[in-house]
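To start, the structure under review is shown below, and the notes come after it.
The values are calculated or read from the model by the stated rules, or taken from the named source; none is laboratory data. Keep in mind that this is a model prediction, so the values were computed, not measured. For neighbour counting, all protein chains shown are included, and Cβ atoms are generated from backbone atoms with ideal geometry for every residue, glycine included.
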Amino acid sequence: MPPSGMILDAGANDGSSTAMLAREFRRHTVVGVEPTRVNVKRALELTAGLQNAVILRGVLSESSGALSYPLGREFRAGVLSQVTGSDLQPTFGRRRNNITAHSVDSLLLERGQALAFAHFDAEGHELSILRGMQRTLSQTRPLFTAEAFPSEKPSERRAFRQLKLFIHSFNYTMHEVRETCGNKGCRNFLCVPAELARVGGIASRCAEGESQRRPVPCLACADSRS
């Protein structure tokens with residue numbers, strides 16, 4: 001992994017993962033992106049005192065602009081207050097919370113940083129996020145992880161196939177991480193530029209769980225090549 005730059009934690013939830021990443025990778029700016037107010041409040045509490053942690057209330061998407069999600073998604077900090085990809089709509093009203101959407105490419109440009117690593121846990125919104133970082137995928141070629149559902153359900157299988165085709169179109173390889181990941185059927189995939197996968201053996205070590213004793217398995221594995 002590059003010795004500096006931005007680490008994105010998209011779908012930061014209550015900020016636990018953002019705080020963990022900020023402590024583990026102190027040379028990087030760790031940006032946790034989360035839409036719900038209740039989770040953002042908790043994330044700010046958990047990252048207080050971590051100078052390299054930034055909590056951004058918003059979502060990552062294909063393009064920058066305004067979206068909204070149902071009021072009912074604001075419950076209490078944690079997984080009960082999740083906004084799914086299907087919740088995000090360009091419609092507005094009294095029963096919806098407005099939220100700012102950022103593309104990864106525009107966010108990096110605004111902050112003047114390169115992307116060192118990203119984890120996308122966006123409840124079905126991952127493909128839209130990747131469509132908003134095509135310049136980054138083409139030019140700086142960062143490692144990233146994405147959650148997906150390679151299940152037997154036809155709708156989830158179609159979504160996974162679309163995600164895989166898009167990632168492969170940028171000459172990236174996908175490697176399933178052998179760890180429990182959220183809901184049943186959910187898996188994390190480490191996505192590696194093909195030129196790195198050929199020479200470093202990064203993906204195979206991470207997929208085999210070599211670094212499971214460290215708190216951030218995929219990042220720790222990726223960091224071993226720097």
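What to note about this one:
- Number of the condition not met by Leu21 [criteria: (1) assigned to a loop (DSSP other than H, G, I, E, B); (2) under 27 Å from Leu137 (Cβ atoms); (3) aliphatic (A, V, I, L, M)]: (1)
- Residues (assigned to a helix (DSSP H, G or I) and either more than 20 Å from the chain's Cα centre (by Cα) or more than 14 Å from Asn188 (Cβ to Cβ) (or both)) located in the range 147-163: Pro154, Ser155, Glu156, Arg157, Arg158, Ala159, Arg161, Gln162
- Contact map, the range 185-205: residues that are under 13 Å from Thr145 (Cα atoms) and assigned to a helix (DSSP H, G or I) paired with residues that are of a type in the set (Lys, Arg) and modelled with pLDDT of 75 or more, Cβ distance under 8 Å, separation 6+ or inter-chain. No pairs are found.
- Applying the set (1) free of Cβ contacts under 8 Å to residues at least 24 places away in the same chain; (2) polar (S, T, N, Q); (3) surrounded by 13 or more Cβ atoms within 10 Å (Cβ to Cβ) to Thr145 leaves exactly one unmet item: (1).
- Subset of the range 14-39 [among the β-branched types (Val, Ile, Thr) and closer than 18 Å to Phe120 by Cβ]: Thr18, Thr29, Val30, Val31, Val33, Thr36
- Selection from the range 16-27 of residues that are surrounded by fewer than 24 Cβ atoms within 10 Å (Cβ to Cβ) and not aliphatic (A, V, I, L, M): Ser16, Ser17, Arg23, Glu24, Phe25, Arg26, Arg27
- Filtered residues of the range 51-71 (kept if surrounded by fewer than 16 Cβ atoms within 10 Å (Cβ to Cβ), free of Cβ contacts under 8 Å to residues at least 60 places away in the same chain and in a loop (DSSP other than H, G, I, E, B)): Gln51
- Considering Ser204, Ser211, the condition of being more than 15 Å from the chain's Cα centre (by Cα), at pLDDT below 95 and crowded, with 16+ Cβ neighbours inside 10 Å is satisfied by Ser211 alone.
- Residue ID - nearest to Ala114 (Cα to Cα), chosen from residues in the range 164-184 that are assigned to a loop (DSSP other than H, G, I, E, B) and modelled with pLDDT of 85 or more: Phe170
- Single residue of the range 89-118 satisfying the filter (out of contact with any strand residue (DSSP E or B) (no Cβ under 9 Å at 6 or more places or on another chain) and over 17 Å from Glu62 (Cβ atoms)) that is surrounded by the most Cβ atoms within 10 Å (Cβ to Cβ): Gly112
- Inter-residue pairs, beta-carbon under 9 Å, first surrounded by 24 or more Cβ atoms within 10 Å (Cβ to Cβ) and at pLDDT 90 or above and in the range 1-12, second among the β-branched types (Val, Ile, Thr) and in a loop (DSSP other than H, G, I, E, B), 6+ apart: none
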